[in-house]
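Notes for the one structure printed next.
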Amino acid sequence: MSFEWETLMILDKAETTIFEAMSEMPVVDAHEHLLPEPQRVARRVDFFILFSTYSKADLCGAGMAPDVYDRLRNDQDMPVDQKWKAFRPFYPFVRHGAYARPARIWLKDVLGYDDLTEDNYAEVSARLQEWNAPGLYDRILRRMCHIRTALVACETYQEYDFDLLKPLWRVINFISDKSILGFVRQSATGKPGKGLAGYLDWMEEDFHQYLQRGRVGIKAICFPYEPPDTAKADAIFDSLYSRGDEPKLSPAERYTLASVIYDRAFRLAQAHGLTVAVHSGVWGDFRESQPAHLIPMATGYPGVSFDLFHLGIPYVREAVMIGKMFPNVSLNLCWTTVLSPELTVRMLDECIDMVPMNRIIAFGADYNLPVEKVYGHLKMAKQVVARVLAKRVGRGEMDLSEARRIAGMWFCDNAAGIYRL
Ligand SMILES: [Zn+2]
């Protein structure tokens, strides 16, 4: 049987009408990690680029060794037939997962294949490499997806097309052990200024460099936050200088330092009118990043606007309640659709009951390498929104024009307002 998306996600008449009304709609992609395009097109690509990034969790969960995954993703000289042999045993286990769907949508809609097979992996690889040329981002993001702006939590502020991609400054980098302990080693020699105050000044310098590149937002993450205690944090930081060549931080010490680092970042956010995007849930030990940790931040800094990411999956109801109860918190459903469209349908439906319509952002694709997958992720997000709104239309709770208006808010206007684009 020929593969059709409708077999996976059947849209009824109202859903189809709403979905089609969104086809040319301008979109703000409210979260990405995309590389600068020159870096991306300088890489040689093959079929596996469609399974890089999040598919790692599913492929390794299905039994692929992590070092094999890393080689498939990063070794540009590995022959494509060897890559296929390493990939083939695991694909049947992950091909129905939501992480794989944007890859399959690209195969179907753009390359015209029902699926990736023994017969077409070489051809698919060649076609992906043909696409992989300057203008790739313009072609996919602007022309295919109608994306006006994409917010990028990037590691570099160089070589970006700043008309299209707006960078977020990553305070998240400055709460890592690597950053803190690296600074301690460097400043032990007397330069830059020692201690936590020196660290915060060094961080603020980096922030001001970022500000010159545009002013959109700050990327943070939930952690077991405590109200900032500068004296306690100073004592911990100073003690790092006398812990030998390889100082280590305990989790509790890291949280104390991170709370003071966040305090400086939130003051900068308030002074410069920047929204703070806050990752929650999903990765690794997701208990550490549960969305409830945002509550003391949101109440401690009522003048700062926080955009809570990923619905805190799996803590989705906590996240929705935070969006309802704290007026300086919006809900950004970036990444959620490719974690599970079914879960996202259910939670958006509950969001309509509980959260003001102007506090919800429906889409951010959240990719670094595979810009191709933005297209499929956006299509899935539109299908999700069509299903949710059509249900309300079907019950007579709103008409089609109201549904279209809400879709426009969720995909574009709300992100533009929340990030002051
Ligand atoms: Zn992300």
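The values are calculated or read from the model by the stated rules, or taken from the named source; none is laboratory data. Predicted model, so just to flag it, every value in this text is computed and none were measured. Cβ atoms come from the backbone with ideal geometry, glycine included; neighbour counts cover every protein chain shown. Side chains included, ligands, DNA and RNA excluded: accessible areas come from the protein's heavy atoms. Shrake-Rupley method; radii C 1.70, N 1.55, O 1.52, S 1.80 Å.
Before moving on, here are some points about what is shown:
- Cross-chain or 6+ apart pairs with Cβ under 7 Å, region 330-353 first and under 29 Å from Val304 (Cβ atoms) and within 16 Å of the ligand (Cβ to nearest atom), then hydroxyl-bearing (Ser, Thr, Tyr) and assigned to a loop (DSSP other than H, G, I, E, B): Val338/Tyr54
- Residues being more than 15 Å from the ligand (Cβ to nearest atom) and either part of a helix (DSSP H, G or I) or under 13 Å from the mean Cα position of the chain (by Cα) (or both) - total across region 354-380: 11
- Contact annotation: residue pairs with Cβ atoms under 6 Å, 6 or more positions apart or on different chains, pairing a residue in region 305-323 that is away from the ligand (no atom under 16 Å from the Cβ) with a partner that is not in a helix (DSSP H, G or I), are Ser305/Thr275; Ser305/Asn328; Tyr315/Gly281; Tyr315/Gln290; Ile322/Val329; Gly323/Val329; Gly323/Leu331; Gly323/Val355.
- Top-ranked residue in region 257-303 [being more than 16 Å from the ligand (Cβ to nearest atom) and either assigned to a strand (DSSP E or B) or of a type in the set (S, T, N, Q) (or both); ranked as least open to solvent (accessible area, probe 1.4 Å)]: Ser259
- Every pair of residues 6+ apart whose Cβ atoms lie under 8 Å, when the first sits in region 222-244 and is free of Cβ contacts under 8 Å to residues at least 60 places away in the same chain while the second is surrounded by fewer than 14 Cβ atoms within 10 Å (Cβ to Cβ): Asp234/Ala197
Here is a yes/no grid of residues against (1) within 16 Å of the ligand (Cβ to nearest atom); (2) aromatic (Phe, Trp, Tyr):
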residue: Phe19; (1), (2): no, yes
residue: Leu34; (1), (2): yes, no
residue: Gln39; (1), (2): no, no
residue: Phe47; (1), (2): no, yes
residue: Phe51; (1), (2): no, yes
residue: Lys56; (1), (2): yes, no
